[in-house]
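Okay, so here's the structure we're looking at.
The values are calculated or read from the model by the stated rules, or taken from the named source; none is laboratory data. No experiment lies behind these values; they were computed from the predicted model shown. All Cβ positions, even for glycine, are placed from backbone atoms using ideal geometry, and neighbour counts span all protein chains on display.
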Amino acid sequence: HADVHVFTETPDGFADDLAELRRRAAGHGRLVRAGLELPVIARETEAEAWARVERQWRELRPGVAEASTRSLSEGRWAGFGELGYPQDIGLVGSYEQVAARLREYAAAGVDSFVLSGHPHIEEVHRAGEHLLHLADPVGRVLKEAIA
């Protein structure tokens, strides 16, 4: 039994898997919340975020086709696994673009997020300062933590 099932992004999305999980849980009289684990590279502009991706890519994958060839739709990028992340697909874009995508995931039923970045300290700081307030402008997380 679990209270939260943590998904990872797939090329086709995870909406069908989430719907099936919720259907099966409801069949047993249960509600299982959904989490999503995503690597994120977010910067002031989309161009800056992609420049960071390209730098990391060239450092770890010299001579391999450009990182942008693994771009999926809506700011999703399928190259994080090649950079050493446990998940292959994550988000790349401006703070506003990544926040908009996180809000879309939340509207689709994701209750919790596990965001990662490298180097960890730098990316946690960036997310806290520039991203999270855009993704959750009403500050639900902060209100729940205080209560």
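From G117, G128, G139, grab the single residue that is closer than 26 Å to D3 by Cα, surrounded by fewer than 14 Cβ atoms within 10 Å (Cβ to Cβ) and either at pLDDT 85 or above or within 13 Å of the chain's Cα centre (by Cα) (or both).
G128
Taking the conditions exactly as written (more than 20 Å from A106 (Cα to Cα), out of contact with any Gly (no Cβ under 6 Å at 6 or more places or on another chain) and not in a helix (DSSP H, G or I)), does G81 satisfy them or not?
For G81, the condition - more than 20 Å from A106 (Cα to Cα), out of contact with any Gly (no Cβ under 6 Å at 6 or more places or on another chain) and not in a helix (DSSP H, G or I) - is not met.
Does region 101-110 contain any residue that is outside any helix (DSSP H, G or I), touching a Pro at 6+ places or on another chain (Cβ under 6 Å) and either modelled with pLDDT of 95 or more or not hydrophobic (A, V, I, L, M, F, W, C) (or both)?
No.
Kindly indicate whether V64 is more than 22 Å from T45 (Cβ to Cβ), in contact with a helix residue (DSSP H, G or I) (Cβ under 8 Å, 6 or more places away or on another chain) and assigned to a loop (DSSP other than H, G, I, E, B).
Yes; evaluated as a whole, the condition is true for this residue.
Being touching a strand residue (DSSP E or B) at 6+ places or on another chain (Cβ under 7 Å), surrounded by fewer than 18 Cβ atoms within 10 Å (Cβ to Cβ) and not aliphatic (A, V, I, L, M): is that true of R103 here?
no
Going by what's in this entry, would A65 be described as of a type in the set (A, V, I, L, M, F, W, C) and within 23 Å of V6 (Cβ to Cβ)?
no
Mind counting the residues in region 67-78 that are small (G, A, S), part of a helix (DSSP H, G or I) and crowded, with 18+ Cβ neighbours inside 10 Å?
Selection size over region 67-78: 1.
Inspect region 28-39 for any residue being in a helix (DSSP H, G or I) and surrounded by 16 or more Cβ atoms within 10 Å (Cβ to Cβ) and give the result as yes or no.
Checked against the condition, which is being in a helix (DSSP H, G or I) and surrounded by 16 or more Cβ atoms within 10 Å (Cβ to Cβ), region 28-39 yields no hits at all.
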